[in-house]
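What follows draws every value from the coordinates through simple rules; no lab data is involved. As the structure is a prediction and not an experimental result, all values here were calculated from the model. Methodologically, a virtual Cβ is constructed for each residue, glycine included, from the backbone with ideal geometry; neighbour enumeration extends over all protein chains shown.
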Amino acid sequence: MRHRARRWTLAWRWMFGLGVLAAAGALVLGQFGPAAASPASAARAAAAGRAAAPAVYVPPKKVLTLGMHGPAVRSLQQRLAALDYWPGPIDGQFGLDTLEAVWAFKEVQGLPVDAANQDQVSRTVERFLVHPGAPRVLVPHGGSMRIEVNMSNETLVLYVHNKVRLISHVSTGAGCLPGQGCGWTTPTGNFRTIWFYKGWIHVPLGEMFNPVFFIGSTYAIHGELNTSVPWYPDSHGCVRIPYDIATFFHTLVKVPGTPVYIRG
């Protein structure tokens, strides 16, 4: 669920410069424009990214940062898509979709994400992209289709037929929130998807987009405006995923019935 008080520092200077505040206002009204990925177009784009990815990733001889564009960014997007991260359209534009895929990749590799490096792909990260590690399996025999949420590195992994289908950055319970006290935790344990609500739903603690609930009508895997899914734990207890992934996530899982495993 959304917490409005905390905000990022570095990455949004570029976003503000592009006038994304106006786009964010449209999103709040539920009027996300043509850039939004429908479930079908998202699947096609991901498949195209995998198909177009070269057999060997060749790192560029420069650090890539949020806001850049060109062949090196396209190659990065292709590599991330081939590794089952979601970088958004394979268009050579280093935007938020790609940035959040980079975060997820860093988190799986055990590399730090912080205020100093949140908006860049360093030479170290590029080397890991050549020889990447796979996400740690939390529940090896948890079912051929399952969702694993690892709060130790803020990632979600979806398995379909026991193979990784999607790796996403998440933001889970913050513990304590400024002006709101403590106790905001994401429950750990074994759950199952229960029900899905299409679009925006307003709840006492904020808004959720396309929530897939796994505990009653309280805890869900859901999207928000990308500016509300930071690289650190910041939710009231839900598992927040980027808006672009939330547009199609529910189409990849069975609702109800998909196991959801959450580990600290």
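Condition check for Gln118 on (1) farther than 22 Å from Ser75 by Cβ; (2) surrounded by fewer than 23 Cβ atoms within 10 Å (Cβ to Cβ); (3) not acidic (Asp, Glu): one failure, at (1). When the criteria are applied in full, Gly223 meets the requirement of being in a strand (DSSP E or B) and crowded, with 18+ Cβ neighbours inside 10 Å. Checking each residue in region 197-220 for being surrounded by 18 or more Cβ atoms within 10 Å (Cβ to Cβ) and hydrophobic (A, V, I, L, M, F, W, C) picks out Met208, Phe209, Val212, Phe213, Phe214, Ala220.
Every residue in region 176-206 that is outside any loop (DSSP other than H, G, I, E, B) and within 26 Å of Asp119 (Cα to Cα), please. Working first, answer last.
Kept after step one, since they are outside any loop (DSSP other than H, G, I, E, B), are these residues of region 176-206: 176-177, 181-184, 189-192, 195-196, 200-203, 206.
Result: Cys176, Leu177.
Restricting region 77-107 to residues that are buried (at least 24 other Cβ atoms within 10 Å of the Cβ) and of a type in the set (Val, Ile, Thr), the residue that is farthest from Thr172 (Cα to Cα) is Thr98.
Note on region 96-132: residues that are in contact with a Ser or Thr (Cβ under 7 Å, 6 or more places away or on another chain) and under 15 Å from Trp86 (Cβ atoms) amount to 3. Applying the criterion of being surrounded by 18 or more Cβ atoms within 10 Å (Cβ to Cβ) and among the polar types (S, T, N, Q) to the residues of region 154-196, the residue that is nearest to the chain's Cα centre (by Cα) is Ser168.
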